[in-house]
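To keep things clear, I will list the structure first and then write my remarks on it.
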Amino acid sequence: MGAGGALLEELDESAEHGWHAVREAELAIEVGHDPVRALLAGERASAVARRLGLGDLEVVGLALQGLAMTCAGDIQGGMARLDASVAAATSGDVPDPMWMGKVCCWLIVACNQNKDVTRAADWCRRVEAICTERDLAPLFNVCRIQYASVQVARGSWREAEQELTGVLDRLSASRRASRLEAVVQLGELRRRQGRLDEAEALFAQAEFHPAAIAGRARMQMSGGDPAAAWTTIRGLLEWLPKDSRLARADVLLPAVLVAQAAGHEDAARLLAAELRQTAELTGTPSLMATASAADAAVAPPDAAVSLLTEAVRRFSAADLRFDEAHTRLALAEALLATGDRSAARRHLALATEVLDELSAGDDLARARRLADAAGMPAGGPLSAREREVLRLVSQGMSNHEIAASLVLSEHTVHRHVANILTKLGQTSRTGAASYAIQAGLF
């Protein structure tokens with residue numbers, strides 16, 4: 001309970017006892033990743049509120065109970081409590097705008113945790129309107145960070161980057177936890193973009209944040225050091241409580257892949273089984289997809305194909321474009337292992353189109369290596385958009401003219417042309433156009 005709680009125990013029950021329990025619940029979730037302790041503290045806060053007739057405190061306690069239950073994997077029960085608390089908070093039962101906004105933000109956090117990105121985006125817009133109307137700058141920043149997380153998950157990376165850099169500019173002199181969250185989110189975006197030096201620097205600023213630790217492990221893995229990656233991610237899993245199911249689920253898939261690559265096959269199977277158990281407990285499409293991808297990592301190629309096909313389908317249904325494209329690469333790899341080059345090429349082409357649009361550096365490099373193995377021309381497939389740009393290049397159009405024709409920015413056209421030259425192994429626009437015509441690419 002801490003020193004503050006011990007001092008309060010000597011006093012007659014008052015509102016301070018309940019608000020102290022609220023703070024204990026917040027710290028248990030945000031710092032300790034301990035949903036069991038958070039749930040008990042939230043229940044204690046609501047009990048004090050009922051005895052003293054404090055409606056706002058009861059709503060806040062109920063919201064924290066919902067968030068704690070969601071963190072522990074009880075999505076249905078937790079979201080029911082969060083929905084009830086948000087309905088009460090926004091209808092006037094919580095007159096303090098700061099606490100009303102926090103209750104709404106906890107709902108957004110819960111949606112983000114279970115990857116319900118559509119609902120999270122909707123509530124981000126609602127809370128932003130409340131913040132603007134009531135001039136709640138700190139809460140506005142928290143909301144924008146949560147919205148950026150939604151945009152990263154959905155594959156709207158340009159918008160996410162704008163949100164995160166804007167928040168970091170506004171919080172440049174701040175020591176708030178929200179700034180740390182923005183740093184971590186931008187670090188993860190940079191990792192996905194393949195801007196690894198920037199990602200490493202950002203993760204270093206948030207050294208002990210779970211997402212920063214997981215991000216470093218992923219970079220160690222992609223850098224060819226699975227042993228170091230396993231040490232990093234195993235330490236994180238040893239620290240995260242078993243009851244913190246969704247926090248652990250966020251890192252279990254990379255942990256399975258790292259363990260497998262480092263030669264710890266028994267550990268990989270145990271971690272995949274834990275992820276499957278959490279997925280079945282929650283029933284959410286994104287976690288079911290993630291569990292299938294983890295199961296595929298420890299399965300033989302024939303079984304992996306069906307598991308990864310299921311994962312791709314579920315990621316698509318959840319509107320998680322990057323995860324879908326990333327998983328298509330694993331599916332293409334499994335298909336190549338079974339000798340099905342035609343299907344592998346199809347999934348590679350679909351994945352590359354999305355990854356190219358996102359400028360997902362690491363995954364694009366992987367796609368090109370797989371394309372070589374699949375016998376695709378000149379180091380990798382062109383996306384549909386790249387073929388369209390190349391067709392206009394072959395007609396003698398400038399980047400400015402192509403941008404106007406396709407309603408794109410000149411910067412985007414320049415990036416497409418650079419990617420086309422790289423993929424086709426050409427050094428000039430004329431050479432690329434000539435190659436494409438000879439190879440019958442359009």
Taking only C-alpha positions in the range 41-171, Rg and Dmax in angstrom work out to 14.9, 50
Return the ratio Rg/(2.2 N^0.38 Å) for the range 8-116, where Rg is computed over Cα atoms only.
0.99
Measuring with a 1.4 Å probe in the full set of protein chains, what accessible area per residue, in whole Å², belongs to the range 136-277?
44
Whole-percent pair-distance distribution, where bins are 5 Å wide, for the alpha carbons of the range 192-303
2, 13, 22, 23, 21, 13, 6, 1, 0
Using a 1.4 Å probe over the heavy atoms of the protein chains, calculate the carbon and sulfur portion of the accessible area of the range 102-259 as a whole percent.
49
Tell me the Rg and the Dmax, in Å, that the Cα atoms of the range 161-221 produce.
10.9, 34
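What longest range of the chain stays clear of loop-exposed trypsin sites (Lys or Arg not before Pro) (DSSP non-H/G/I/E/B, at most 13 other C-beta within 10 angstrom)?
After excluding every exposed loop site, the longest remaining stretch is 243-442.
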Given charges at Cβ of Lys, Arg, Asp, Glu: the range 143-282 dipole, positive-most of VAL256, GLN220, LEU196:
LEU196
Enter the accessible area per residue of the range 12-115 (Å², integer; probe 1.4 Å; all protein chains in place).
38
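Compute the semi-axes of the equivalent ellipsoid of the chain, taking the square root of 5 times each eigenvalue of the Cα gyration tensor, and list them largest first in whole Å.
Gyration-tensor ellipsoid for the chain: 44, 25, 18 Å.
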How big is the accessible area of LEU168 in square angstrom, nearest 10, if you roll a 1.4 angstrom probe over the protein chains?
30
Let me know the volume per residue of the alpha-carbon convex hull for the range 90-246, in Å³.
124
Translational D in µm²/s for the range 213-268 (Stokes-Einstein at 4 °C, 1.567 mPa s, Kirkwood Rh from C-alpha pairs):
119
Kindly report, to the nearest 10 Å², the accessible surface of ILE145 as traced by a 1.4 Å probe over protein heavy atoms only.
10
Of all accessible surface on the range 363-412 at a 1.4 Å probe, what whole percent is carbon and sulfur?
52
Distance between Cα centroids, the range 74-102 to the range 311-329: provide it in whole Å.
31
Sum of -39500 (n - 2.57) over DSSP H runs of 4+, divided by residues of the chain (222 nm, nearest 500):
-26000 deg cm²/dmol
Only Lys, Arg, Asp and Glu count, each charged at its Cβ (+1, +1, -1, -1), so figure out the dipole size of the chain about its Cα centre, rounded to 20 debye.
1420
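The values are calculated or read from the model by the stated rules, or taken from the named source; none is laboratory data. Values in this document were obtained by computation on a predicted structure and should not be read as measured data. A quick note on method: Cβ atoms are made from the backbone with ideal geometry, for glycine too, and the neighbour counts reach across all protein chains shown. The accessibility values were calculated without ligands, DNA or RNA, using every heavy atom of the protein model including side chains. Shrake-Rupley method; radii C 1.70, N 1.55, O 1.52, S 1.80 Å.
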